[in-house]
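Every number in this text was worked out from the coordinates using simple rules, so none of it is lab data. From a predicted model like this one, the values you see are computed outputs, not experimental measurements. In this analysis, Cβ positions are derived from the backbone assuming ideal geometry, glycine residues included, and neighbour counts consider all displayed protein chains.
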Amino acid sequence: MEGISGALLEEGLASQEEVRQTVEELKAFRADENTVMSLPGIFQVSAVKPKH
């Protein structure tokens with residue numbers, strides 16, 4: 001959230017206060033010993049089909 005806050009503010013998608021509050025809530029969530037977090041595996045593949 002902190003990494004994208006500049007873009008959110010620039011595009012008018014969130015106010016400075018909304019960003020600050022969200023960051024605080026995320027940090028509190030992360031600090032809770034009962035919190036379990038997971039991220040999906042994301043892959044990007046590129047290929048070129050041979051012409052024969």
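Charging the Cβ of each Asp and Glu at -1 and of each Lys and Arg at +1, and nothing else, the dipole of the chain about its Cα centre rounds to 640 debye. In this calculation the C-beta distance from residue 38 to residue 18 is compared with R0 = 25 Å, giving a FRET efficiency of 0.50.
Residue exposure proxy: 42, 4, ordered by other Cβ atoms within 10 angstrom of their Cβ from fewest to most, comes out as 42, 4. Scan (i) 10.6; (ii) 11.8; (iii) 14.4 for the value of Kirkwood radius over Cα pairs in Å calculated from this model and give just the label. Read-out taken from this structure: (iii).
Kindly express, to the nearest 10 degrees and within the range 0 to 90, the angle between helix 16-31's C-alpha long axis and the longest C-alpha principal axis of the chain. Roughly 80 degrees between the two axes.
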